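Remarks on the structure that follows.
The values are calculated or read from the model by the stated rules, or taken from the named source; none is laboratory data. In this text, all values refer to a predicted model and were calculated from it rather than measured experimentally. Backbone-built Cβ (ideal geometry, glycine too); neighbour counts: all protein chains shown.
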Amino acid sequence: MTGVAIGSLLMVYLVVPWLQKARPWRVTSVVRLTPKQWEVTVTPNGHRGLDYRAGQFAWLNVGQSPFSMKEHPFSISIDGELMDRVFSELEFRDWVFVMCGPAVMMDVVEDHLIQRGTPAHRILSERFSYD
C-alpha cells in the first residue's frame, strides 16, 4: 500500500509536470468579466492542443513552473457555434436544460433557448449573486 502511495505522489508531482513541460500553452488574452470572474484564452505552443468537451475543467498553472503547486481551476467552454445550432424537435424533445449562474447570465441563456424553440417547461434554472 505504501508503494502505491509513493508511486501516486511521484506520478502527480514529477512525471505529469515533466510531461506538461514538453507541451506548453501560451496565454493569448485575459478579460475581466465581473469583479470575480475572468476569461483566459490559451493556445497550444508548438503542439496540437487537446481534445475536450464544453463543461470540463482544467487546472491551469499560469506564470509558474509546471512543478509549482499553484494551479487554478478553469471551466472549458466553446465558441458560439454549438449555441447557434438549431436542433430538431426530435433531437431535443426529451432534453431538460438545467443551469445555475448569475441572474444576468441566466436571463441571456434562457432567452436564447426560448428564441431557439426550447419549451419553457424544459428550462430549469437557479440564480445567484456574488458577494
Legend entry - Of all residues in the stretch 111-131 being in contact with a helix residue (DSSP H, G or I) (Cβ under 9 Å, 6 or more places away or on another chain) and in a strand (DSSP E or B), the one that is nearest to V96 (Cα to Cα): I123
Inset, instruction - Starting from residues that are among the basic types (K, R) and touching a residue at least 24 places away in the same chain (Cβ under 8 Å), keep the ones in the stretch 4-52 and report whichever is farthest from F97 (Cα to Cα). - result: K21
Legend entry - Residue under evaluation F128, criteria (1) modelled with pLDDT under 75; (2) surrounded by fewer than 13 Cβ atoms within 10 Å (Cβ to Cβ); (3) touching a Pro at 6+ places or on another chain (Cβ under 8 Å), criterion not met: (1)
Inset, instruction - Scan (1) touching a Gly at 6+ places or on another chain (Cβ under 8 Å); (2) at pLDDT 80 or above for the single condition S75 breaks and write down its number. - result: (2)
Inset, instruction - Taking the residues in the stretch 20-36 that are surrounded by fewer than 12 Cβ atoms within 10 Å (Cβ to Cβ) and not aliphatic (A, V, I, L, M) as candidates, determine which candidate is modelled with the lowest pLDDT. - result: K36
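Is it fair to say V40 is modelled with pLDDT under 80, surrounded by 10 or more Cβ atoms within 10 Å (Cβ to Cβ), among the hydrophobic types (A, V, I, L, M, F, W, C) and not in a helix (DSSP H, G or I)? Spell out how you get there, then give the answer.
Details: modelled with pLDDT under 80: yes; surrounded by 10 or more Cβ atoms within 10 Å (Cβ to Cβ): yes; among the hydrophobic types (A, V, I, L, M, F, W, C): yes; not in a helix (DSSP H, G or I): yes.
Yes.
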